[in-house]
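Since the structure comes first, as structure tokens, the remarks are kept for the end.
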Amino acid sequence: MKKIIILLILLFSSLLFSNQIKIVYPNGGETFFLNKDMETIKWTADKGIGDVVIILYQNGIKLFEIQKIVKSNPNMNIQGFLWRYTPQIKEGQGYRIRIRSLKDFSINDFSDIDFSIKRK
């Protein structure tokens, strides 16, 4: 009985105190327009996450790191990064963002659904 209680305590404490990243924008269905020059990528992160890397994928293939190190603000739940488009950004569909902790690679999130990038 004691072992069961200890296991339950460990299980619930790990669920309550697990570190998470959750992408807020773009999380799917959006259209970015290249003539706008930039978009703000937004995510929520627990305080223990630390710095992150932002990666762009298209059709499941990693294209490049949008930003290698984004300093997290431990005093803010919602984080953001102003993404300025570069010449390698092409018009298309099937894009997703991945945000990953640099401290713990298992802590990451992908956009839930694809977004597109177009010229207006």
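Under the Karplus relation 6.51 cos²θ - 1.76 cosθ + 1.60, θ = phi - 60°, what is the ordered set of whole-Hz ³J(HN,Hα) values for region 77-82, x standing for Gly and Pro?
For region 77-82, the Karplus-derived couplings read 7, 8, 9, x, 9, 7 Hz, x marking Gly and Pro.
Would you calculate the separation in nanometres between label points at T40 and R84, each defined as 7 Å from the Cα along the Cα-to-beta-carbon direction?
The modelled label-to-label distance comes out at 1.7 nm.
Evaluate the distance, in nm, between pseudo-label points positioned 7 Å from the Cα of E30 and of S106 along their respective Cα→Cβ axes.
Inter-label distance under the simple model: 2.9 nm.
No lab work stands behind these numbers, since they all come straight from the coordinates. Since the model is a prediction, treat every value here as computed from it, not as a measurement. Reconstructed Cβ throughout: ideal geometry from the backbone, glycine too, with neighbour counts over all protein chains shown.
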